[in-house]
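Peer 1: Below you will find the structure I want to go over with you.
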């Protein structure tokens, strides 16, 4: 049987209290030592984002053109297949599956408004698009 003296219990209690007091300070100091990206790195990251969204915008404008052309039904069928695969293999959230299924079954002007426009979810939908198979056709 192990017996602790009153002094050793007090010392243990003091150590625990000190650890609780010093932990936030230690955490803060360690976070402040993390390297922060330079302003030029942030500018490059913003430029890369802008380029990505510009290309996604071109893709979806091309999709709108195709949906209104004689290739429209073929494009819809391929996109619906991709959405079905997302659903069957649980590849993305219900938000994308439901949103894209609704958009594909609506007038192309809905895609234009919700994906190519300023809708809050436009970037999210553009990034996770069932039309990505057309990316090679976009210049």
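The values are calculated or read from the model by the stated rules, or taken from the named source; none is laboratory data. Computed from a predicted model, the values in this text were never measured in an experiment. Positions of Cβ are backbone-derived with ideal geometry, glycine not excepted, and every protein chain shown enters the neighbour counts.
Peer 1: Would you tally the residues in the range 85-117 being assigned to a loop (DSSP other than H, G, I, E, B) and farther than 25 Å from residue 69 by Cα? So that I can check it myself, show each step before the final result.
Peer 2: Step one: filter the range 85-117 for residues assigned to a loop (DSSP other than H, G, I, E, B), giving 89-93, 105-107, 117.
From what's left, farther than 25 Å from residue 69 by Cα: 89-93.
Within the range 85-117, residues that are assigned to a loop (DSSP other than H, G, I, E, B) and farther than 25 Å from residue 69 by Cα number 5.
Peer 1: Could you tell me which of the residues 81, 46, 58 is closer than 30 Å to residue 130 by Cβ, at pLDDT 95 or above, surrounded by 10 or more Cβ atoms within 10 Å (Cβ to Cβ) and out of contact with any helix residue (DSSP H, G or I) (no Cβ under 9 Å at 6 or more places or on another chain)? Before the answer, list the steps.
Peer 2: Working: 46 fails: at pLDDT 95 or above; 58 fails: at pLDDT 95 or above.
Sole residue among the options that is closer than 30 Å to residue 130 by Cβ, at pLDDT 95 or above, surrounded by 10 or more Cβ atoms within 10 Å (Cβ to Cβ) and out of contact with any helix residue (DSSP H, G or I) (no Cβ under 9 Å at 6 or more places or on another chain): 81.
Peer 1: Evaluate the following for residue 75: is it closer than 25 Å to residue 118 by Cβ, part of a helix (DSSP H, G or I) and within 23 Å of the chain's Cα centre (by Cα)?
Peer 2: Details: closer than 25 Å to residue 118 by Cβ: yes; part of a helix (DSSP H, G or I): yes; within 23 Å of the chain's Cα centre (by Cα): no.
So residue 75 fails the test.
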